[in-house]
Amino acid sequence: MLSIILPSYNEEDNILVATERIGSLMRDNNIDYELIFVNDGSKDKTWEKILEASEIDENVMGVNFSRNFGKESAIFAGLKHANGDACVLIDCDLQHPPETIIDMYNLWKTGEVDVIEGRKSSRGKESLLYKAFCKVFYSSLKKSSGIDMKAASDFKLLDRKVVDALNDMPERLTFFRAMSGWVGFRTENVYFDVKERNAGESKWSVKSLIKYAINSITSFTSAPLHAVTICGLIMLLVSLIMAVNTLYNKLSGNSLEGFTTVILLQLFTSSIVMISIGVIGYYISKIYEEIKARPRYIVSEVKKKKCEEER
Ligand code: UDP
Ligand code: MG
């Protein structure tokens, strides 16, 4: 069986459309499936729509969060509740073309791959600023952690082994896109074009994107901490040169001349020190978050599949 996980946040107009489109696609291709909608604390009628969908299609189940925990948490909740031999993660706004699931499924059926990554062959409609931001983000991530994420998306098929491996990862601050690569296994790519949103609007604001970017980088690499060390080393080199220069000036009797240098040096070092402390502080706050060991999400209600309820 194939479990299809759809994180949903304020998607009231998309739930029924997605249920119908994906459901009929699965039936046409004779694939045994379940649809798992994870309602990420929506403020609209998403949960009611999910309940409605489960009346229409007996393979629909719903997981309701007590509040908005973010897409990452919704993905992991879906993986936890999935019963299938493989899981597909797909946006419920139908920006990821459901037909691609069939390609993924057929590839998985060959038994030769465990992870099938949906990669964007085109990024769809995005603003210029967003594009620029993505470019900086992905290139810095590639440099710092060696993972090329530019075309990566959350649209993936994972074999049961991989799902179990992910479910066993205890960390709270997750970055799903990279983690599914980190666990290893045999991976293959499938390409798709990003479609227009079916209804509603994107949930990302500039602020939430920046937060997501910083979170992703720091949860996946400690490169910024090493950058601090490197800055320190560069500063040491600079100050050695300055020391020689200052000593030379002193010995040759022109010591007052260097006053500007002192000020510049003061400003420079203190700013580097402050940035460094900030970076370290950020990681400490992440350690603090992890050590609190709070759950990734809180489920307030689970709507079982109709075909299960009758049993
Ligand atoms: N989503 C979620 N929780 C959130 C934000 C988004 O579960 O806090 C879901 C959303 O319902 C959608 C998917 O994540 O199914 C992608 O969100 P969106 O379409 O807003 O992002 P975009 O496609 O613009 O990158
Ligand atoms: Mg979308």
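The values are calculated or read from the model by the stated rules, or taken from the named source; none is laboratory data. In this text the structure is predicted, and so the values were computed from the model without any measurement. Cβ sites come from the backbone with ideal geometry, for glycine too, and all protein chains shown count toward neighbours. Just the protein is used for accessible areas: all its heavy atoms, side chains included, with ligands, DNA and RNA removed. Shrake-Rupley method; radii C 1.70, N 1.55, O 1.52, S 1.80 Å.
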From (1) open to solvent by 10 Å² or more (accessible area, probe 1.4 Å); (2) touching a Leu at 6+ places or on another chain (Cβ under 8 Å); (3) away from ligand 2 (no atom under 16 Å from the Cβ), pick out the condition that doesn't hold for Arg67.
-> (2)
Matching helices (runs of 4 or more DSSP H) fully within the range 76-170 where at least 2 residues are over 26 Å from Val299 (Cβ atoms) and touching a helix residue (DSSP H, G or I) at 6+ places or on another chain (Cβ under 8 Å) | 99-109, 128-145
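Per-residue answers, yes or no, for (1) under 22 Å from Arg160 (Cβ atoms); (2) polar (S, T, N, Q); (3) crowded, with 16+ Cβ neighbours inside 10 Å:
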| residue | (1), (2), (3) |
| --- | --- |
| Asp57 | no, no, yes |
| Ala77 | yes, no, yes |
| Ala82 | yes, no, yes |
| Gln95 | no, yes, yes |
| Pro98 | yes, no, yes |
| Met104 | yes, no, yes |
| Ser122 | no, yes, no |
| Glu126 | no, no, no |
Provide a single number: the residues in the range 199-211 that are in contact with a helix residue (DSSP H, G or I) (Cβ under 9 Å, 6 or more places away or on another chain) and either open to solvent by less than 60 Å² (accessible area, probe 1.4 Å) or within 9 Å of ligand 2 (Cβ to nearest atom) (or both).
-> 4
Among Ser270, Ser276, which is of a type in the set (Ser, Thr, Tyr), within 30 Å of Phe175 (Cβ to Cβ) and open to solvent by less than 100 Å² (accessible area, probe 1.4 Å)?
-> Ser276
Working carefully through the options Ser216, Ser208, find the one that is within 16 Å of ligand 1 (Cβ to nearest atom), under 24 Å from Leu129 (Cβ atoms) and in contact (Cβ under 8 Å) with a residue 60 or more places away in the chain.
-> Ser216
Over 30 Å from Glu117 (Cα atoms), surrounded by fewer than 13 Cβ atoms within 10 Å (Cβ to Cβ), more than 16 Å from ligand 1 (Cβ to nearest atom) and at pLDDT below 80, is that true of Ile234?
-> no
Can you name every residue in the range 102-124 that is under 20 Å from the mean Cα position of the chain (by Cα) and not small (Gly, Ala, Ser)?
-> Asp114, Val115, Ile116, Glu117, Arg119, Lys120, Arg123
Applying the selection to the range 18-51, what residues are open to solvent by 20 Å² or more (accessible area, probe 1.4 Å) and under 25 Å from the mean Cα position of the chain (by Cα)?
-> Ser42, Lys43, Asp44, Trp47
Leu251 vs. criteria within 16 Å of ligand 2 (Cβ to nearest atom) and hydrophobic (A, V, I, L, M, F, W, C) = no
Have a look at Phe185, Phe155 and point out the one that is within 29 Å of Tyr105 (Cβ to Cβ), surrounded by 14 or more Cβ atoms within 10 Å (Cβ to Cβ), hydrophobic (A, V, I, L, M, F, W, C) and within 16 Å of ligand 2 (Cβ to nearest atom).
-> Phe155
What is the one condition in (1) closer than 30 Å to Glu58 by Cα; (2) loosely packed, with under 10 Cβ neighbours inside 10 Å; (3) not hydroxyl-bearing (Ser, Thr, Tyr) that Val302 does not satisfy?
-> (2)
The listed residue being in contact with a Phe, Trp or Tyr (Cβ under 6 Å, 6 or more places away or on another chain) and assigned to a helix (DSSP H, G or I), out of Ser270, Ser219 | Ser219
